[in-house]
Amino acid sequence: MAAVVSSSLGVGLTFGFQPPLIALVLSRAGNSSGAIGAVTAASLVAIILLGPIYPHIIARLGLKRSVVAGIVCAALVLPCMLLTQSLSVWFGLRFITGCALGLSWIASEIWLNTASASEARGAVMGVYGTVFSIGTVAGPALLELTGTRGWQPFAIGAVGLIVTLAPLALLPNESSGSEGCAALRKLSGALTAAPVVMLAAWVAGLVESADLTLLPLFGVHAGFAEQTALLMLAVFMAGNVVLQVPIGLLADRFGRRRLLGICALSSALGPLLLQPFFATPVLLWSLLFLWGGTLYAFYSQGVALLGAEFPAADLPTANTVFVMVYCLGGVIGPSVGGFALDRWPHQGLPVLLSAAPLILLAGLWWPARSAGQGDFGSA
């Protein structure tokens, strides 16, 4: 499991490293913000479109080969960006990167879910979420060292991806994965079997992407200096990194559904308290730290719930749908959040960021249960 978790560092590193690099390079070339945003979003669109194919590929290649193939492909694509700064070519390369990383992403989560014991699955996914977040945070830090000009950022970024695969090289080749990976079931079946889990993925993608894109801008609109506004995002991400394992341990002890409800309530209150806490730095930084940690638990504990809800043979389809729904939220979040911020500069974004977790909270406690959910309520 440690080897598989280490590979998630590479996926997180790419999500934290490529978008700012792409944005800065294409901006210097005179491209519009809208065009740059489209190139950046191409990877998420790729994962959504290729979602139905991933279970077949994983069944054929096996889990280890799927993880390795995805990361190696993404690493090979990165230096290709040196050949041209054509917007259409970069869109295509970013799309290919999304296809490759989606394969590694889904295969890693299936592997962890099937390899971890049910009583410790929350903690395992907490560690997974922590390492993924470390990779995301390390991306901009690596970019600070390499700069954004010349061949260095592209070459070093590719090498960094390959290095995260080193622990997997120590593992023996596992089986093809066909025994544990069934052919694709209907995607709608996974949605109806565990709708609240899928709702958690959608809310996580929407709110996380809106926060990462717009939280610094919201801070600037509130009167903070740009450096302080960026610090808000850094503290938010620090909570994301630090709190995943404690939340996972608590989920294993007291129930994942209950902890997910507590995290949803905390994430609904967090945005509404931002403005009242602006004048008190200690309260503001504490709020951002706690909010960041509880928000990402939607994803990490949602993946843990997948392992409890679905048999191993159905996990490829269920995990694929989960990631697709998360990416769909990630595509929607920045655009809707940006509209809310433009239309209502002081209240629009906090209300949106609060409303989405409230929807999840309502879903968690809704008395009617789908017949396909089994014992989801006790998970």
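Going by what's in this entry, would Ala138 be described as farther than 16 Å from Phe154 by Cβ, modelled with pLDDT of 90 or more and part of a helix (DSSP H, G or I)?
Criteria not met by Ala138.
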task = Return a yes/no flag: does the stretch 221-237 have any residue that is surrounded by fewer than 17 Cβ atoms within 10 Å (Cβ to Cβ), in the same structural domain as Gln301 (by TED's automatic domain parsing) and either among the acidic types (Asp, Glu) or in contact with a Gly (Cβ under 6 Å, 6 or more places away or on another chain) (or both).
result = yes
task = Scan the stretch 232-252 and give yes if some residue there is polar (S, T, N, Q) and closer than 24 Å to Leu63 by Cα, otherwise no.
result = no
key: Within the stretch 277-300, tally of residues that are part of a helix (DSSP H, G or I), surrounded by fewer than 19 Cβ atoms within 10 Å (Cβ to Cβ) and at pLDDT below 90   = 1
task = Return yes or no: is Val131 modelled with pLDDT of 80 or more, assigned by TED's automatic domain parsing to the domain that holds Val67 and exposed (fewer than 15 other Cβ atoms within 10 Å of the Cβ)?
result = no
key: Which listed residue is closer than 21 Å to Gly329 by Cβ and of a type outside the set (Ser, Thr, Tyr), from Ile71, Ile110, Ile57   = Ile110
query = How do the pairs read when you match residues in the stretch 301-318 that are part of a helix (DSSP H, G or I) with residues anywhere that are small (Gly, Ala, Ser) and surrounded by fewer than 22 Cβ atoms within 10 Å (Cβ to Cβ), using Cβ under 6 Å and keeping only pairs 6 or more apart or on different chains?
reply = Ala312/Gly180; Ala313/Ala182
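The values are calculated or read from the model by the stated rules, or taken from the named source; none is laboratory data. Please read these numbers as outputs of a predicted model, since none were measured by experiment. Glycine also receives a Cβ, built like all others from the backbone with ideal geometry; neighbour counts cover every protein chain displayed.
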